[in-house]
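What follows draws every value from the coordinates through simple rules; no lab data is involved. Quantities reported herein were computed from a predicted structural model and do not represent experimental measurements. Here Cβ is always computed from backbone atoms with ideal geometry, including for glycine, and neighbour counts include all displayed protein chains.
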Amino acid sequence: MKNLKINHLACVVSIIALTALGFLWYGPILLGDKWMGLVGLTEQMISDNPPGVGTWITNLIATILPVYFLAWLFTQLNVESGVRGALIGFGIAFCFIFMTEMTSNMFAFRPYELTWVAGGFNLVGLTIVGFILGAWRKYSV
C-alpha cells in the first residue's frame, strides 16, 4: 500500500506561489490601493515607517506554517487530487480565516470590504496551495 508523504518541493513551490500572490494582491497591480484605504494607510506613512526585518520574517513564517500544515493534513486525509486539495484549502480558509476575520471586522466596526480584500487573499491563496499540494503527490515505499 502506498502512503502519502509530504512533498517538500511542492511545499516550496506553494510558498513561492503564495508569496507572489501576496505581492500581486497587496501591491499596486490588484488590491493594494484599496486595502491601504480600508486600513487607513498612505504611501507617506509607509515610506516614513517601512516594514522592518521582523515583519518580513513573521510574514515568511506565516506563509510556511500553513503550507506545511496543509501538506501534513493532506497525508492524513489521503488527498490525491488537485481538485480535492483545492476544495479542502478553500474550506479551511473560509471556515477558519475568512469567517473569523469577518466577525472580528464587524465587531471592530471596520469596513465590510476589508474582509473581502484580506480574507479573499486567504481564500484564493489556500485554494491555490491546496491544488498544488493535492495534485503534486509523493508516496513513501
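How high is the relative contact order of the chain? Use alpha-carbon pairs under 8 Å, at least six apart in sequence, and give a whole percent.
Details: 153 pairs, mean separation 60.5, N = 141.
Contact order relative to length: 43 percent.
What is the spin-label model distance, in nm, from residue 46 to residue 136 if the labels are put 7 Å beyond Cα along the C-beta direction?
Inter-label distance under the simple model: 2.8 nm.
Could you line up 75, 19 from fewest to most neighbouring Cβ atoms inside 10 Å?
By the 10 Å Cβ count, ascending, the order reads 19, 75.
Set the Förster distance to 25 Å, then compute FRET efficiency between residue 61 and residue 87 from the Cβ-Cβ distance, nearest 0.05.
0.45
Enter the Cα centre distance for the pair region 68-88 and region 117-141, rounded to the nearest angstrom.
A separation of 8 Å, based on Cα centres.
Could you list 69, 109, 131 so that the one with the fewest beta carbons within 10 Å of its beta carbon is first and the one with the most is last? Could you put the intermediate results ahead of the total?
Details: 69 11, 109 6, 131 22.
Fewest-to-most ranking of 69, 109, 131: 109, 69, 131.
Which helices count as membrane-span-like in the chain under these terms: full DSSP H, at least 24 Å along the axis by C-alpha, Kyte-Doolittle mean of 1.6 or more?
Result, helices passing both filters: 8-25.
In which sequence would 139, 26 go, from the one with the fewest C-beta neighbours within 10 Å to the one with the most?
Exposure proxy ranking, most exposed first: 139, 26.
What lysines could a cross-link reach from residue 138, if we take a straight Cα to Cα line under 19 Å and drop same-chain neighbours fewer than 8 places away?
2, 5
Hey, rough spin-label estimate for residue 94 and residue 124, points 7 angstrom out along Cα→Cβ, what's it come to in nanometres?
In this crude spin-label approximation the distance works out to 1.8 nm.
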